[in-house]
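Trainee: Just passing along the structure, written as structure tokens.
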């Protein structure tokens, strides 16, 4: 694949990932949509979009790939993501999400025997210090309940990503997992039926999040991923919280506080130091 096409696909995928935060935040703050309904519509439209892509590629029925444990992790991620964004800004949510994703995947590597040198170890400490500083009590601190939900969503996405490394076509597997996750999300919607609320703008945001930012976004990412080294793939995802922060300020009128700015530098800088040298040491 030409380098220019890889760069284009990667940039579009990162914009889509940041778009998920912006669309979810917009739906839950500026429309009548509730978090459970947003989750169900997002997963259902994402499943439909990915099923069409799989059919177009003629790689077989979309439900033949994927598995229920991965689908459960996907549903936990999507639900935690939505419920957290009831209270979090787009920037704070994206920062906590991707910090938790990277921490989960790095922690798994350490558990499997990887060793960190002095510089990556310092980066890990810096990243966790940034998360801790962001959550310290204060006027600009995010609500702890919402922050915990987003951290849970990040752990679930990290687990989902680790399970997805086992092989198979990534788009097919993602389509199968989205299809399986949709009824799980519908069960959540049924359980919260008394709080169900939706309107046309909210449905539009949720459908765009599922079909474009999730379905098409993941397809673009998986098309670019084989051309990227593991460290490149991990590093480029650090742009998502920054893009979400800029989008939140420009499009949603969200504040960019000093606490958030410093935490962003610490968390993303620390993770950057870790993934620069994630080679096994004995």
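Trainee: Given R₀ = 25 Å, FRET efficiency for residue 30-residue 261 by Cβ-Cβ distance, to 0.05?
Mentor: In this case the efficiency is close to 0.55.
Trainee: How much FRET efficiency would the formula 1/(1 + (r/R0)^6) give for residue 252 and residue 68, where r is the Cβ-Cβ distance and R0 is 30 Å, rounded to 0.05?
Mentor: Efficiency at R0 = 30 Å is approximately 0.25.
Trainee: Rank 157, 221, 198 by mean-square fluctuation in a GNM of the chain with C-alpha springs under 10 angstrom and give only the top-ranked residue.
Mentor: Result: 198 has the largest fluctuation of those listed.
Trainee: May I pose another question? What FRET efficiency comes out for the pair residue 144/residue 4, r = Cβ-Cβ distance, R0 = 35 Å, nearest 0.05?
Mentor: 0.20
Trainee: Name the most mobile residue of 197, 94, 266, meaning the one with the largest mean-square fluctuation, in a Gaussian network model of the chain with Cα contacts below 10 Å.
Mentor: 197
Trainee: What spacing in nm lies between the two simple spin-label points modelled at residue 129 and residue 12, each 7 Å away from Cα in the Cβ direction?
Mentor: 4.1 nm
Trainee: While we're here: How many nm separate the modelled label positions at residue 114 and residue 169, each set 7 Å beyond the Cα in the direction of the Cβ?
Mentor: 2.9 nm
Trainee: Between residue 161 and residue 196, what is the label-to-label distance in nm when each label sits 7 Å out along the Cα-to-Cβ direction?
Mentor: 3.4 nm
Trainee: Additional query: According to the square roots a ≥ b ≥ c of the eigenvalues of the Cα gyration tensor, what is the shape class of the range 74-179, taking rounded for a/c under 1.5, prolate for a/b larger than b/c otherwise, and oblate for the remainder?
Mentor: Since a/c reaches 1.5 but b/c is at least a/b, the shape of the range 74-179 is classed as oblate.
Trainee: Next question, about the same structure. Show me 100-110, 118-128, 253-263, 27-37 ranked by packing, highest mean number of other Cβ atoms within 10 Å first.
Mentor: Top of the packing list down: 27-37, 100-110, 118-128, 253-263.
Each reported figure results from applying straightforward, stated rules to the coordinates on display, with no laboratory input. Owing to the predicted nature of the structure, the values given are computational and were not obtained by experimental measurement. As a convention, Cβ positions derive from the backbone with ideal geometry for all residues, glycine included, and neighbour counts pool all protein chains shown.
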